[in-house]
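Heads up, the thing below is written out as structure tokens.
The values are calculated or read from the model by the stated rules, or taken from the named source; none is laboratory data. Fair warning: this is a prediction, and the values are worked out from it, not measured in the lab. All Cβ positions, even for glycine, are placed from backbone atoms using ideal geometry, and neighbour counts span all protein chains on display. For the accessible areas, the whole protein counts, side chains as well, though only heavy atoms, and no ligand, DNA or RNA atoms are used. Shrake-Rupley method; radii C 1.70, N 1.55, O 1.52, S 1.80 Å.
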Amino acid sequence: MRRSQYATTRRRALAIAVAPLVLLLGSVVPGAAATNAPPAGVDPAVGPNAQQERIFASSASRLTADPALAAPAAHPRGVTRAAVSAQAAPHVASGNGILNREVFGFAPYWALPQWTEWQLNLLSTVAYFGVDLNGDGSVNQAPDNSGWSGWNSSNLTNLVNAAHQHGDRVLLTIKAFDNGTIDAIDGNPANAQHAIDTSIALVQQRGLDGVTVDFEGSTDSSAPNRQAQFTAFVTSLANQMHQKVQGSEVVVATYTGAASWDAGFMNITELGKVVDAMFIMAYDMAPGNTSGHASANAPLNGWTYNDTLAVQQYTAKAPASKVILGVPYYGYKWCTNSTAPNAAITSCPGNPSTVDTYSSMFDDFSCSCIQNLQYHWDGTASSPWASWWSPQYNSNRELYYDDTSSIGAKYDMVNSYGIRGAGIWALGYDTGHTELWSVISDKFGPNAGYWMGATDGGVFSFGRAHFHGSTGNMALNQPVVGMASTPSGQGYWLVASDGGIFSFGDAAFYGSTGNIRLNRPIVGMASTPSGHGYWLVASDGGIFSFGDAVFRGSTGNIRLNQPVVGMAPTPSGNGYWMVATDGGIFSFGDAVFRGSTGNIRLNQPVVGMAATPSGNGYWLVATDGGIFSFGDAVFHGSTGNIRLNKPVVGMAASPSGNGYWMVASDGGLFNFGDALFLGSMGGQRLARPVVGIAAPHFLGP
């Protein structure tokens, strides 16, 4: 895990930024990190995202303006809504179809330089954070306003373009973080309309897909209409945004405890009726849970505030389809009076109670400046924490943070409650690391995956095709030549050239030819639809059937022009095709002949085939990645006109049959149609070459 200069720069800024925040939040004892979580039934004095901006704003890099960007859309007063609606229609994304839940990521302006590290294929919505509104509804365009500079930057232009290419929505976040500004906007119809017009114009200026409202106010007896005015503003904004920007979405950022009562700044019942989604800012809970003591930033269970209770409260007042659970990619670090769980927070020189982002916390763990580093797990919170002795501050220190295990537990809860999805605060906080992306893929990723098998039986798994074992560390009598998946996707078989079978996961062993002298070597295998049997095929077209795989015929006694290199079964399991290197097809049982390249001069030999789910067609693939389609097999593309580093060795169809993967001997992966790219081994040094690929048509959870 590499240390980034960006993370180190942020760490210096954080220690400086947090100290004055303690003075802003009276609920935090001296030496404690200023956080947002209030006592039950009270809005936070400073909202969580507002708090984060105060900490990180000073670390924002100066960004280059995009010269091609249209003139600022922050129009003057008096512009008509008709004029706004007449602007160019934006790109409207439907959300990334790869994911089975919403994955909503806030993209703060201070993290834009790192956007190329973000795996946009594992996001469905990117919300730029953001632009500040003035009390009259206009945009704060002050020269020192980094959010406005980020809005006009080429970094954001490039991010928007890339996100749209991945099918992600991109939203603008409009911000107001003090009651005075919020009241000025929401309490004055003209200002409210100006803010709405401004928001629509900005969305249309960059061709975005909607807006996130991040107004972080609090209830006050001197302003009894604040809640109603905020709800009215969001309602009007949502109605007009939906009307003016076809297919757009309006999301509102909400407090963790907002659904626990009805008298706060945010009325979840009413907001849930008008917005497309609510992003729960489910972090900064420690002060409200354990005032004066260290504790989890976003506990899964326990105390006054936790993720599970928040989701239960929200889904009691709003549709689950509108609830997004935000998760923190950061934690808090305190000086404490001991290293016991939830130790009391103490003051130490310079008040070094800081935020540690996911990437910057590794600097602490690897620093030679600390002593007696210990890792712990809070079972109630489902959260990790660490403790150590700091000679620099002559104090114990405790860091409560989130990692792959704790975030994975939150995502499991999201799935179990069936809510809209999860959100990230914030993109860029994991700079230099990829493991949190893997958690997203594992919990919300596509119900698809594939394995690659090498000649030593090494198995490489991608997507939801999980690793169940291999023979990569075993001495084999003969090299592995192919593999097949079980129907559940929870296991696979490997086959060697002597017909030896190696089974893993729920793949049962039904027999082999490992102890039989063969006329010709085995070149491939296929499993039956039930998964209770398989066929092996030799280079002369000889077929060996095991389990419930029924023998339907072979070419074992026929003189072939070219050797057989692979086979594919029919969906019923009552037949199969075999293919030779010249693309000649041999069909048996209910496998219908749909055509071949047996009478065509090929540039390169055929090395494999795959059948469509209907069984009414098939594809052949050559070593140069050339594709030949027959029957209802649709051509989606090939690498036949591309110079490859290594030859293609096999292919597999996507579960829908509307695409396919091809794999090269170096593990390079080429995907076409709806076959998703989920990873490859193309850039890595392999012990042995890859010989095939297997992709199940169903994958369990």
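So is PHE670 in a strand (DSSP E or B), of a type in the set (A, V, I, L, M, F, W, C), surrounded by fewer than 24 Cβ atoms within 10 Å (Cβ to Cβ) and out of contact with any Cys (no Cβ under 6 Å at 6 or more places or on another chain) or not?
yes
State all residues of region 478-505 that are modelled with pLDDT of 95 or more, in a loop (DSSP other than H, G, I, E, B) and either closer than 14 Å to GLY453 by Cα or open to solvent by 20 Å² or more (accessible area, probe 1.4 Å) (or both); if no residue qualifies, say none.
GLN478, PRO479, SER497, ASP498
May I ask you to verify whether ILE407 is aliphatic (A, V, I, L, M) and modelled with pLDDT under 95? Please lay out each step first, then the result.
Numbers: aliphatic (A, V, I, L, M): yes; modelled with pLDDT under 95: no.
Taking the combined requirement at face value, the residue does not satisfy it.
Quick check on ASN616: is it farther than 30 Å from LYS443 by Cα, more than 29 Å from the chain's Cα centre (by Cα) and surrounded by fewer than 16 Cβ atoms within 10 Å (Cβ to Cβ)?
no
How many residues does region 552-577 hold that are closer than 19 Å to GLY657 by Cα and not small (Gly, Ala, Ser)?
Looking only at that region, the number is 6.
Could you check, for region 604-611, whether at least one of its residues is in a loop (DSSP other than H, G, I, E, B), within 21 Å of ASP540 (Cα to Cα) and touching a strand residue (DSSP E or B) at 6+ places or on another chain (Cβ under 9 Å)?
yes
Mind telling me which of the residues ASP624, ASP632 ends up being open to solvent by 50 Å² or more (accessible area, probe 1.4 Å) and not hydrophobic (A, V, I, L, M, F, W, C)?
ASP632
Does ASN447 qualify as being farther than 20 Å from TYR534 by Cβ and open to solvent by 50 Å² or more (accessible area, probe 1.4 Å)?
Working: farther than 20 Å from TYR534 by Cβ: yes; open to solvent by 50 Å² or more (accessible area, probe 1.4 Å): yes.
For ASN447, the condition - farther than 20 Å from TYR534 by Cβ and open to solvent by 50 Å² or more (accessible area, probe 1.4 Å) - is met.
If you check LEU686 against the conditions, is it farther than 20 Å from MET567 by Cβ and in contact (Cβ under 8 Å) with a residue 60 or more places away in the chain?
Against the criterion (farther than 20 Å from MET567 by Cβ and in contact (Cβ under 8 Å) with a residue 60 or more places away in the chain), LEU686 qualifies.
Yes/no matrix, rows are residues, columns are (1) in contact with a strand residue (DSSP E or B) (Cβ under 8 Å, 6 or more places away or on another chain); (2) under 14 Å from TYR450 (Cα atoms):
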position: GLY589; (1), (2): yes, no
position: GLY595; (1), (2): yes, no
position: ASN599; (1), (2): no, no
position: SER629; (1), (2): yes, no
position: ASP632; (1), (2): yes, no
position: ARG643; (1), (2): no, no
position: PRO647; (1), (2): yes, no
position: GLY667; (1), (2): yes, yes
position: GLY673; (1), (2): yes, no
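Just for strands (runs of 3 or more DSSP E) wholly inside region 353-420: which have at least 1 residues that are under 22 Å from the mean Cα position of the chain (by Cα), without any contact (Cβ under 8 Å) to a residue 24 or more places away in the chain and under 21 Å from GLN52 (Cβ atoms)?
Details: elements: 354-357, 371-378, 383-390, 395-400.
Correct list: 383-390.
Counting only residues that are hydroxyl-bearing (Ser, Thr, Tyr) and under 32 Å from the mean Cα position of the chain (by Cα), which one in region 310-352 is nearest to GLY41 (Cα to Cα)?
TYR314
Select the helices (runs of 4 or more DSSP H) contained entirely in region 107-209, then report the ones holding at least 1 residues which are open to solvent by less than 10 Å² (accessible area, probe 1.4 Å) and under 30 Å from GLY264 (Cβ atoms).
So the answer is 146-151, 179-186, 189-206.
Take SER368 and decide whether it is at negative phi and open to solvent by 50 Å² or more (accessible area, probe 1.4 Å). Don't jump to the end; show me each part of the working.
On the way: at negative phi: yes; open to solvent by 50 Å² or more (accessible area, probe 1.4 Å): yes.
Here the answer is yes, as SER368 does meet what is asked.
Show the residue pairs that are 6+ apart or on different chains and have beta-carbon atoms under 9 Å apart, the first residue being within region 167-192 and closer than 21 Å to TYR128 by Cα, the second being at pLDDT 95 or above and basic (Lys, Arg).
Close Cβ pairs (under 9 Å, with a partner that is at pLDDT 95 or above and basic (Lys, Arg)) amount to VAL170/ARG206; LEU172/ARG206; ILE182/ARG226.
Check whether at least one residue in region 458-465 is closer than 26 Å to TRP115 by Cα, assigned to a loop (DSSP other than H, G, I, E, B) and open to solvent by 10 Å² or more (accessible area, probe 1.4 Å), and report yes or no. Steps first, answer last, please.
Quick first cut of region 458-465, residues closer than 26 Å to TRP115 by Cα only: 462-464.
Cutting the leftovers down to assigned to a loop (DSSP other than H, G, I, E, B) gives us 464.
If we keep only those that are open to solvent by 10 Å² or more (accessible area, probe 1.4 Å) as well, we get 464.
Scanning region 458-465 turns up at least one residue that is closer than 26 Å to TRP115 by Cα, assigned to a loop (DSSP other than H, G, I, E, B) and open to solvent by 10 Å² or more (accessible area, probe 1.4 Å).
Taking only region 217-241 into account, find how many residues are touching a Phe, Trp or Tyr at 6+ places or on another chain (Cβ under 9 Å), among the small types (Gly, Ala, Ser) and open to solvent by less than 10 Å² (accessible area, probe 1.4 Å).
The total comes to 1.
In region 250-264, what residues are buried (at least 23 other Cβ atoms within 10 Å of the Cβ) and either at positive phi or not small (Gly, Ala, Ser) (or both)?
VAL250, VAL251, VAL252, THR254, TYR255, THR256
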